[in-house]
Amino acid sequence: MEQSKKESFLNNTGKRILFIISAFFLMYLISYIIDPYSPYWGEYFTRSFSEILEDILLTLACGIIISESSIFISKKLNKTISWTKTPVKRLMIETTLNVIMVLFVNFLITLFCVSKSGDNLSSVFTFSLSVEETKGLIHWIVVSTAIAFMIMGINTGNHLILSWKNEAMRVAQLNQVAMEAELQSLKLQIDPHFVFNNLSVLSELILEDQQLGYEYAENFSKIYRYMLISSKKDIIPLEDELKFLDAYMFLIQQRFGKGICFEIAVDKTSRHSYLPPMTLQLLVENAIKHNKTSKKSPLVIRIFNNDNHELIVENTLFPIEKNGDSSGIGIKNINRRYGLLSERQPKITNNGSFFIVNLPLLKG
């Protein structure tokens with residue numbers, strides 16, 4: 001997105017110079033179209049070279065001021081008032097500011113012209129200009145306003161096109177990453193090791209404790225149900241993610257027993273925040289995949305929130321010397337999804353004793 005902003009028309013010096021030159025010629029063109037029989041045009045080429053040059057420089061200065069002021073107003077308002085969210089408010093404010101700017105510029109030009117002609121400047125402040133001067137002032141106000149509105153229209157069109165382009169790219173990238181996460185979810189669902197391990201545990205539990213076997217089967221079905229529902233969503237409430245994790249942890253603890261210990265402490269307020277679906281499952285799976293588990297030195301996985309509106313997922317480190325095959329999605333997928341959903345990114349820390357992931361909590 002930042003790259004798109006840098007390529008914006010408003011930040012391209014070459015195009016802005018072309019824009020100013022166009023405004024300069026348009027001021028003459030519109031002025032001629034409005035009143036082609038004005039004495040201004042009849043006497044234009046009868047004036048001296050210095051007078052013509054002064055007129056050109058004054059018109060060019062007016063074009064530069066109007067162009068740059070209109071661009072400046074548009075850039076500032078883009079940061080505070082959105083065209084898409086409050087279009088009427090934005091239109092009224094930007095139009096008003098441009099009109100004020102045009103009146104001010106024409107007031108300054110009038111002061112310059114009156115002072116140059118040797119007339120009393122008080123005539124400007126007391127509105128005692130001659131009929132010809134008043135007519136000329138109104139004429140240039142109309143021309144300047146038309147130029148300012150044309151610039152405003154180009155700025156607005158440019159901004160909306162860039163916004164649409166950026167949003168379309170963001171949605172396309174988000175859909176691609178979401179599809180990868182969904183494929184990973186489906187892969188897990190049909191993973192023969194995942195299915196075989198859980199069915200083996202289930203068959204043992206049924207023989208030993210039918211009630212526990214029933215609970216295991218219930219949690220097993222909850223995991224599949226959640227995967228099918230959530231894998232198509234961009235974000236999901238943390239409360240739902242934690243409920244899914246409860247079912248996932250139940251299965252893990254039945255498989256690894258006291259070799260894994262979970263500690264979860266998330267306050268009620270944070271549970272109403274959002275995050276990408278299956279984020280916690282991917283991090284827990286990552287911790288189990290890359291670390292040893294034993295009763296003497298259990299793998300401890302902690303999940304809690306902090307005061308910076310983040311969810312912390314950390315695990316103790318007991319690295320396996322030779323890791324098994326990795327899907328390559330895990331943390332990379334989480335980072336990519338956050339990159340499309342938020343300006344805040346996950347922070348990953350490995351201090352030798354703990355592997356820590358700070359997940360920014362999102363708004364729905």
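Farther than 19 Å from ARG336 by Cα and either modelled with pLDDT of 85 or more or within 34 Å of the chain's Cα centre (by Cα) (or both): which single residue out of ILE236, ILE264, ILE206 fits that description?
Criteria check complete, one pass: ILE264.
Out of LYS289, LYS332, which single residue is more than 26 Å from ASN166 (Cβ to Cβ) and of a type in the set (D, E, K, R)? Please lay out each step first, then the result.
Details: LYS332 fails: more than 26 Å from ASN166 (Cβ to Cβ).
Of LYS289, LYS332, the one residue that is more than 26 Å from ASN166 (Cβ to Cβ) and of a type in the set (D, E, K, R) is LYS289.
So how many residues does the range 338-362 have that are farther than 29 Å from LYS292 by Cα and in contact with an Asp or Glu (Cβ under 9 Å, 6 or more places away or on another chain)?
Of the residues in the range 338-362, 4 are farther than 29 Å from LYS292 by Cα and in contact with an Asp or Glu (Cβ under 9 Å, 6 or more places away or on another chain).
Could you say whether any residue in the range 221-228 is farther than 22 Å from PRO276 by Cα, surrounded by fewer than 14 Cβ atoms within 10 Å (Cβ to Cβ) and more than 34 Å from the chain's Cα centre (by Cα)? Full working, then the answer.
Going residue by residue through the range 221-228, those that are farther than 22 Å from PRO276 by Cα are none.
No, the range 221-228 contains no residue that is farther than 22 Å from PRO276 by Cα, surrounded by fewer than 14 Cβ atoms within 10 Å (Cβ to Cβ) and more than 34 Å from the chain's Cα centre (by Cα).
Here's a check for you: in the range 1-25, which residue that is aromatic (Phe, Trp, Tyr) and touching a helix residue (DSSP H, G or I) at 6+ places or on another chain (Cβ under 7 Å) is modelled with the highest pLDDT?
Checked the range 1-25; the qualifying residue modelled with the highest pLDDT is PHE24.
Is there a residue being in a helix (DSSP H, G or I) and of a type outside the set (Gly, Ala, Ser) anywhere in the range 291-300?
no
Does TYR248 satisfy the condition of being open to solvent by less than 30 Å² (accessible area, probe 1.4 Å), assigned to a helix (DSSP H, G or I) and within 15 Å of THR279 (Cα to Cα)? I'd like the intermediate steps shown before the answer.
Working: open to solvent by less than 30 Å² (accessible area, probe 1.4 Å): yes; assigned to a helix (DSSP H, G or I): yes; within 15 Å of THR279 (Cα to Cα): yes.
Criteria met by TYR248.
Mind checking which residues of the range 80-98 are part of a helix (DSSP H, G or I) and over 25 Å from LEU18 (Cβ atoms)? Working first, answer last.
Residues of the range 80-98 that are part of a helix (DSSP H, G or I), as a first pass: 80, 87-98.
Within the range 80-98, THR80, PRO87, VAL88, LYS89, ARG90, LEU91, MET92, ILE93, THR96 qualify.
When the range 15-67 is examined, which residues are found to be outside any helix (DSSP H, G or I) and farther than 15 Å from VAL143 by Cα?
First, pick out the residues of the range 15-67 that are outside any helix (DSSP H, G or I): 35-38, 43, 47-48.
Of everything in the range 15-67, those that are outside any helix (DSSP H, G or I) and farther than 15 Å from VAL143 by Cα turn out to be TYR37, GLU43, ARG47, SER48.
Condition check ((1) in contact with a helix residue (DSSP H, G or I) (Cβ under 7 Å, 6 or more places away or on another chain); (2) surrounded by 13 or more Cβ atoms within 10 Å (Cβ to Cβ); (3) farther than 14 Å from MET150 by Cα) across all residues:
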| site | (1), (2), (3) |
| --- | --- |
| MET27 | yes, yes, no |
| TYR32 | yes, yes, yes |
| THR46 | no, no, yes |
| ILE56 | no, no, yes |
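Here's the yes/no breakdown for (1) open to solvent by 70 Å² or more (accessible area, probe 1.4 Å); (2) at pLDDT below 70; (3) among the β-branched types (Val, Ile, Thr):
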residue: HIS159; (1), (2), (3): no, no, no
residue: TRP164; (1), (2), (3): yes, no, no
residue: ALA181; (1), (2), (3): no, yes, no
residue: LEU188; (1), (2), (3): no, yes, no
residue: LEU202; (1), (2), (3): no, no, no
residue: GLN210; (1), (2), (3): yes, no, no
residue: TYR214; (1), (2), (3): yes, no, no
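Scan the range 15-57 residue by residue and report those that are among the aliphatic types (A, V, I, L, M), over 11 Å from SER67 (Cβ atoms) and in contact (Cβ under 8 Å) with a residue 40 or more places away in the chain. Working first, answer last.
The initial filter retains those residues of the range 15-57 that are among the aliphatic types (A, V, I, L, M), namely 17-18, 20-21, 23, 26-27, 29-30, 33-34, 52-53, 56-57.
Remaining after also requiring over 11 Å from SER67 (Cβ atoms): 29-30, 33-34, 52-53, 56-57.
ILE30, ILE34, listed by residue number.
Mind listing whichever residues of the range 280-334 are open to solvent by 20 Å² or more (accessible area, probe 1.4 Å), polar (S, T, N, Q) and at pLDDT below 85?
Within the range 280-334, ASN323, SER326, SER327 meet the criteria.
Cβ-Cβ distance below 7 Å, separation of 6 or more or different chains: which pairs start in the range 146-160 with a residue that is in a helix (DSSP H, G or I) and end on one that is charged (D, E, K, R)?
MET152/GLU94
Would you be able to say whether some residue in the range 258-279 is assigned to a helix (DSSP H, G or I) and surrounded by 20 or more Cβ atoms within 10 Å (Cβ to Cβ)? Please lay out each step first, then the result.
Let us first name the residues in the range 258-279 that are assigned to a helix (DSSP H, G or I), namely 258-259, 270-272, 279.
Filter once more, so that each one left must be surrounded by 20 or more Cβ atoms within 10 Å (Cβ to Cβ): 279.
Checking the range 258-279: at least one residue is assigned to a helix (DSSP H, G or I) and surrounded by 20 or more Cβ atoms within 10 Å (Cβ to Cβ).
Please tell me if GLY153 is modelled with pLDDT of 75 or more and over 30 Å from PRO87 (Cα atoms).
Against the criterion (modelled with pLDDT of 75 or more and over 30 Å from PRO87 (Cα atoms)), GLY153 does not qualify.
Go through (1) assigned to a loop (DSSP other than H, G, I, E, B); (2) open to solvent by 10 Å² or more (accessible area, probe 1.4 Å); (3) under 21 Å from GLU218 (Cα atoms) for LYS233 and report which single condition fails.
Single failed check for LYS233: (3).
The values are calculated or read from the model by the stated rules, or taken from the named source; none is laboratory data. The structure presented is a predicted model; accordingly, all values stated were derived computationally and were not measured. Reconstructed Cβ throughout: ideal geometry from the backbone, glycine too, with neighbour counts over all protein chains shown. Please note that ligands, DNA and RNA were not included when accessible areas were found on the heavy atoms of the full protein model with its side chains. Shrake-Rupley method; radii C 1.70, N 1.55, O 1.52, S 1.80 Å.
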